[in-house]
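Worksheet: one structure, shown below.
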Amino acid sequence: MAERAWIIAAGLLLLVAAFFLWRNNLSGAFVTATLGVVAWFLSYRAQLRAKAANEIEPESIEDNDED
C-alpha cells in the first residue's frame, strides 16, 4: 500500500517537473524531478521491505513448530 502511494507521488512530481521545464523554470524542474526520483526510490524500498517481511514470516512459523 505504501509503495503505491510513493509511486503516485513520483508520477505527480515528474509531471510537475515537466510543467516547470515547459515554462522554462529549470531550477524548479530540477528540484521537482529530484523529489520525484526520491519518491520512486522510496517506493522501491517499501516494495523490498514488504517482500523481505513476507520471506521472514514463514521462517518464524517453522521455528515455533520446533519448540
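The values are calculated or read from the model by the stated rules, or taken from the named source; none is laboratory data. Everything quoted here is computed from the prediction, not taken from an experiment. Don't worry about glycine lacking a Cβ; one is built from the backbone with ideal geometry, like all the others, and counts go over all protein chains shown.
Filter the range 23-41 down to the residues that are touching a residue at least 12 places away in the same chain (Cβ under 8 Å) and among the polar types (S, T, N, Q) and list them by number. Hit for the range 23-41 is Thr32, nothing else.
For the range 1-60, taking the residues that are more than 9 Å from the chain's Cα centre (by Cα) and among the polar types (S, T, N, Q), the one that is surrounded by the most Cβ atoms within 10 Å (Cβ to Cβ) is identified as Thr32.
Within the range 39-49, if we keep just the residues that are aliphatic (A, V, I, L, M) and touching a helix residue (DSSP H, G or I) at 6+ places or on another chain (Cβ under 8 Å), the residue that is nearest to Ala9 (Cα to Cα) turns out to be Ala39.
If a residue has to be of a type in the set (Gly, Ala, Ser) and in contact (Cβ under 8 Å) with a residue 24 or more places away in the chain to count, how many in the range 6-22 make the cut? Give the derivation first.
At the first step, the residues of the range 6-22 found to be of a type in the set (Gly, Ala, Ser) are 9-11, 17-18.
In the following step, the residues that additionally are in contact (Cβ under 8 Å) with a residue 24 or more places away in the chain were identified as 9-11.
Here the count works out to 3.
Would the range 21-44 turn up any residue that is on the phi < 0 side of the Ramachandran plot, modelled with pLDDT of 90 or more and not in a helix (DSSP H, G or I)? Yes, the range 21-44 has at least one match.
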